[in-house]
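Written out below as structure tokens is the structure these notes cover.
A short reminder: the numbers here are calculations on the coordinates, not readings from a lab. Everything quoted here is computed from the prediction, not taken from an experiment. Quick reminder, even Gly has a Cβ in these numbers, built from the backbone with ideal geometry, and neighbours come from all protein chains shown.
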Amino acid sequence: MAHGTHDHSDDPRNADVLVWVNGDLLPRDRAVVSVFDSGFVLGDGVWEGLRVRGGHPAFLERHLDRLFEGAHAIMMDVGLSREQLTAAVYETLRANDMVDGVHVRLMVTRGVKSTPYQDPRVTVGPATVVVIAEHKEAMPSTVENGITLFTTHVRRAAPDTLDPKLNAHSKLNDITACIQAYTAGADEALMLDPQGFVATCNSTHFFVVKDARDGDEPEVWTSDGRYCLGGITRGNVLRVCRDAGITARETTFSLTDVYSAREAFVTGTFAGVVPVRSVDGRTIGSGTRGPVVERLQRLYVDLVDADVAGRSAP
């Protein structure tokens, strides 16, 4: 059974991967940053996860949009252009002879500080940029059989506390939620917004499949988006629903709506679309992958394939 959507089999090739650190490709055991780096000291930075198919990172432009938007919001100079970051990702893939079954973590921190203190003005160097590419795929059993969720008391922060739109290195509230979920026996955490409505999960986005209000075809619901990251996969699933004629709503709903759902699933860059078997001990639907989720999995794979088919390496 799954222990989260990021479950994967260990691949011995990952012991020898080369990691891109500020322009240098270094062996894994030498790929290090300073203890004075803003990311290590404070979690001050932004990052993106990328899925590679056919030698190309899928939906790269949208990921770079989000990374630069986050950097701009926290007044951090990435120090490299979109083209340079793209080249760094492809250079890392080529150096490791990677084509399929690959997950990339692109990380940018504010850089090295003169002293371990939060004020950005004590940063003395350029941004630290790291690209880690690994041979890593979601477990087939996770994609087919799904995961379990537990609703935690840890809420999503309001924008005036920590803007949930930021894909920042500071993830302590999500980590705390994850700990509470797995110590309760679930795989991942379902998190509520400050008003108690369903928001998102600790590392993925959450959806339910509900009976249509007019009694026709089922509808797909996800949160209104105010208290979750602007997920790339989340947006793509809404897109494929629209293109396939499936009614999809970004709306406000409660746990009572979740418990009575026909199906539920989560989305994320790493595993794509993953079914949810139960929430808070309540079996969702039949407790197995339902027809809507299975259809969306196929549609999402087709969308990824279409995206990478039109790409060429720099």
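The H on the amide N of residue 17, modeled in the peptide plane, is under 5 Å from the matching H of 28, each at least 5 residues off or on a different chain. The C-alpha atoms of the range 12-136 occupy a region whose extents along the principal axes are 42, 31, 19 Å, arranged from largest to smallest.
Karplus-derived 3J(HN,Hα) values for the range 97-107, using 6.51 cos²θ - 1.76 cosθ + 1.60 with θ = phi - 60°, are 6, 9, 10, 10, x, 10, 10, 10, 10, 9, 10 Hz; glycine and proline are entered as x.
Dipole of the chain computed with +1 at Lys/Arg Cβ and -1 at Asp/Glu Cβ about the Cα centre; of 186, 34, 290, farthest Cα towards the positive end is 34.
Relative to the 2.2 N^0.38 Å rule of thumb, the range 77-139 has a C-alpha radius of gyration ratio of 1.40.
3J(HN,Hα) along the range 186-195: 9, 7, 9, 9, 9, 10, 9, 7, x, 8 Hz, from the Karplus curve 6.51 cos²θ - 1.76 cosθ + 1.60 with θ = phi - 60°, whole Hz, x for Gly and Pro.
Taking the C-alpha atoms only, the angle from helix 82-95 to the longest principal axis of the chain is near 90 degrees. Against the compact-protein benchmark of 2.2 N^0.38 Å, the Cα-based radius of gyration of the chain scales to 1.01. More than 16 angstrom separation, counting every C-alpha pair in the range 196-314; what % is that? Distances greater than 16 Å cover 59 percent of the Cα pairs. Between residue 99 and residue 254, the contour length at 0.36 nm per residue exceeds the alpha carbon distance by 51.6 nm. Each residue of the range 129-135 is assigned a 3J(HN,Hα), and the resulting list reads 10, 10, 10, 10, 10, 10, 6 Hz, derived from the Karplus form 6.51 cos²θ - 1.76 cosθ + 1.60 (θ = phi - 60°), x at Gly and Pro.
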